[in-house]
Amino acid sequence: MKIALVGNPNVGKSTVFNALTGSNQQVGNWAGKTVERKAGTIHRDNLEIELVDLPGTYSLTAYTQEEIVTRQYILREKPDVVMAMVDASNIERNLYLVLQILELAPRVVIGLNMMDLAKSSGISLNAAELTKALNVSVVEIVAAKGVGIDKFLAEAVRVGLLKKDPLVRQVPYPSELEEKIQAMENLLKDISWASQYPLRWLALKRLERDPEIGQEWQSVSAPESSKDKKRETCCDSGDALNYKLKNIIELPGNDLLQSYEEEGWTKDHFEMAFADAKYNYISQILPRFLIQEDLRKPSLTDSLDRWILSPIWGYPVMILVLALVFWASFIASAPLGEAVSQGMAWAADFLVSLLQWIQAPAFLTSLVRDGIFAGVGAVLAFVPQIAIFFAFFSFLQDSGYLARAAFLGDRLMQLMGLHGKSFFSLVSSFGCNVPGIMATRTLEDPKDRLITMLLNPLIPCVPRLGVMSAVVAAFFPGTRGAMIMLSLLLISMLLVMISALFMRKVVDQKERSAFVMELPLYHLPTLRNVLWPTWHKTYTFLKRAWTFILAASIVVWLLSSFPQGVPMNSTWAGKMGEWLEFIGKPLGFDWKIMVAIIFGFTAKETTLSTLGILYGVAADASQSIAQAMTGAMSPLRAYTFLVVYMLYIPCLASVVTTYKESGSLRWTAFGIAYNLILSFIIGWIIFHGGQAMGFQ
Amino acid sequence: MERSLGELKPGERACVERINGGGALRRRMMDMGIVPGVELEVVRCAPMGGPLQIRLKGYYLAMRRGECAKIVVSGEQHKAIEHTLASR
């Protein structure tokens, strides 16, 4: 039996899904979409149930990716039952989606969640009356506490096993509209293609001139095979249910549509009229099951928003929240990161001694110690940071704060032509670009996502800031250092803004997405809802990146240690640096800087140690490396280096993440090229501008 | 008296008269429950021309001023009988 879980965003769908499937779930992406796809198998009463958690959506039109995925699944996969989750505190808008589902799939069970939230805002609902009003089973649940979830599923199974589709109350349309719908129904009812869908739904969509009506699709890949034991039971990349267009059927009714249009009944007019009729119907039946108490006391959300969204206090509160997230993820997590590096070092030592014991050749021990473990270890040391950051991210998203941050940050984003939700992604990037890029998933419009993703690398992350501050401290001691650091950050922000406007031009976007965003009621997320996505995201990051990181570590090691036994400038990497000096020359860089820049690609924090080796500083202390550089470079050159270092490709992990999240090699390559060219141009301007102004 | 939603002050309520423009924005508003006859309340505005927080049907929505300008509202609740609950 196939069951689909559908509902508005923030109704607690994932809580119910996690409770029902436990760890027996596959998480991946919908084919060709960046929308998360979650499926799981449940065994109940000798039945194998495939439960699919469809993305949170407000309607079943085909406007956002979430809507398209949800609609296509219901249309093409035809689930036996739809479990519709409804937020009791926001029943009217939630029922709008339910009415749309009922027109498409009559076997629906409603799960009424968040009754407690509704109570606190003075609404009490009568589930039995709601059942009567819609003629649909309603189960009351408290998803966060796990109450009623089993009953919800049992009811869905019962409805799924019914011999005949239950009779659902139809939405009454005004007579003028009803005539038109019936006229269309009469035309469609004898078409064989039409028999696979409910006639009324088909007629409505035909009147709305829905492009997908009349298309026949065929699934290309084998359907979801969760039974396949060879696949991992958890966190599988998901099944790529893919479709190809098989046939387009010429449907009757073109003349009818034409004549309606002449009367002024355009596609938009129909859409509006249908929506209006649905909302009208909801407000008509509402008094039967809803009692509105006159509550004078402001709700929890009201009181919290008074501070959190306050024009005066909102920003300090946001800075406080962000500071806490950054402190916990990127500073307090340092011992964990060190523990990982320490563990990697021990493992390397152990392996090396083992290799020496079997008298393996020296280059092999060097590969293991200096290549694989040093390279992979440098990236793994960031995993605790990323994991803690994801935990905070999930918490902020679930609790409802993230939408508030988008509200507050929207004004700034608007200046750059971006969406308010880009704000959090860009701010996250100061910690690490990888979670910043992954945080773009909250953006609904794929083009907005892409632009935000491409901007992220221009924001210096904590490791980059660390290297930069060490260099700044060496070249510009005292208060001048703070000014220099500030100027660098200002350059970065300015470039983010300019690039945002530039990307808008490059990325072809037909229709600018609207900033119409729900501000959900605050609630405390469950531990499971925070930890599960954290684990999943961290795991996904590792799974995606480890092969690339391993390969890159080995390549870098190869380049820097062959031919063996020669000084660094004679190795392949050194030769590459010398060869690339022609690029660095206009910026005043010598080959050493070029080598450091090339090596910084695997992970930028390695730049200092590379420079240390190149400048012949044995000590690993960042201060002494930077000190050695002061003898070899003028402050102007150092400043140019800092700017270029800040702006060029962030690191391998972020490139891999950009590729996986955008799903496009072309855009990833564009991003890399953009960063390289931009850093070169800005570096050139600063170097020559500085020289012209007489700086040294 | 016809005004756009963006002209309301925090704390003011009004009924939706019509939505200007079409396409995705209009559909999005429809999905969120902004249809003619619904009562909206401007709760607060973000500073410096930022978005507005709007309450309707018992929930909160954030919308930019540009989008609010497309929603024409009227002070009187002439559809009050039909929409009493929708405009809670």
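Read the figures in this text as sums done on the coordinates, not as results from a lab. Treat the numbers as computed from the prediction; the structure is a model and nothing was measured. Cβ coordinates were reconstructed from backbone atoms using ideal geometry, including for glycine residues, and neighbour counts include every protein chain displayed.
Brief remarks follow.
- Partner lysines for residue A:244 [C-alpha distance under 19 Å; skip if fewer than 8 residues away on the same chain]: A:33, A:78
- The angle separating the long axis of helix A:401-415 from the principal Cα axis of greatest extent in chain A is about 70 degrees.
- Nearest-20 debye value, chain A charge dipole, Cβ charges on Lys, Arg, Asp, Glu: 1300 debye
- Between residue A:167 and residue A:284, the simple spin-label model (points 7 angstrom out along Cα→Cβ) gives 1.8 nm.
- Restriction of the GluC sites (Glu not before Pro) in segment A:245-333 to DSSP coil positions whose beta-carbon has at most 13 other beta-carbons within 10 angstrom yields A:250, A:263, A:293.
- For the residues of A:87-93, the average number of beta carbons from a partner chain within 10 Å of their own beta carbon is 4.
- When only Cα pairs below 8 angstrom with a gap of at least 6 residues are kept, chain A shows a relative contact order of 11 percent.
- Legend: mean number of C-beta atoms from other chains within 10 angstrom of residue C-beta atoms, peptide A:304-310, equals 2.
- Packing rank of A:667-678, A:111-122, where each peptide gets the mean count of other beta carbons within 10 Å, highest leading: A:111-122, A:667-678
- Furthest towards positive pole of dipole, A:315, B:37, A:152, structure part the protein assembly as shown, Cβ charges: A:315
- Inter-part distance where segment A:12-65 and segment A:513-558 are each reduced to a Cα centre, Å: 18 Å
- Computed from Cα positions, the angle between helix A:622-632 and the longest principal axis of chain A comes to roughly 60 degrees.
- The equivalent ellipsoid that matches the C-alpha gyration tensor of segment B:2-83 spans semi-axes of 18, 15, 12 angstrom, in descending order.
- Label-zone membership for segment A:266-303, site residue A:126, 7 angstrom Cα→C-beta point, backbone N under 18 Å: A:282-294
- The coefficient of translational diffusion for segment A:569-684, derived via Stokes-Einstein from the alpha carbon Kirkwood radius under 20 °C and 1.002 mPa s, stands at 144 µm²/s.
- Per-residue shielding of A:47-60, expressed as the average number of other chain Cβ atoms within 10 Å of the residue Cβ, stands at 1.
- Our note on the geometry: Cα centres of segment A:82-133 and segment A:454-496, 52 Å apart.
- Calculated [θ] (222 nm, deg cm²/dmol) that DSSP helices of n ≥ 4 give over the protein assembly as shown, each run adding -39,500 (n - 2.57): -16500 deg cm²/dmol
- Among the listed pairs A:38/A:132; A:13/A:132; A:297/B:57, those with a Cα-Cα distance over 26 Å are A:38/A:132.
- With respect to chain A, whose longest principal axis is taken over its alpha-carbon atoms, helix A:267-289 is tilted by about 70°.
- Per-peptide average of other Cβ atoms within 10 Å, ordering A:90-103, A:494-507, A:194-207 highest first: A:90-103, A:194-207, A:494-507
- Per DSSP, loop trypsin sites (Lys or Arg not before Pro) in segment A:295-404 with at most 16 further Cβ within 10 Å: A:296
- Against the rule of thumb 2.2 N^0.38 Å, how large the Cα Rg of the protein assembly as shown comes out: 1.06
- FRET efficiency, residue A:291 to residue A:487 (Cβ-Cβ, R0 60 Å, nearest 0.05): 0.45
- If R0 equals 22 Å, the separation of the Cβ atoms of residue A:502 and residue A:441 corresponds to a calculated FRET efficiency of about 0.40.
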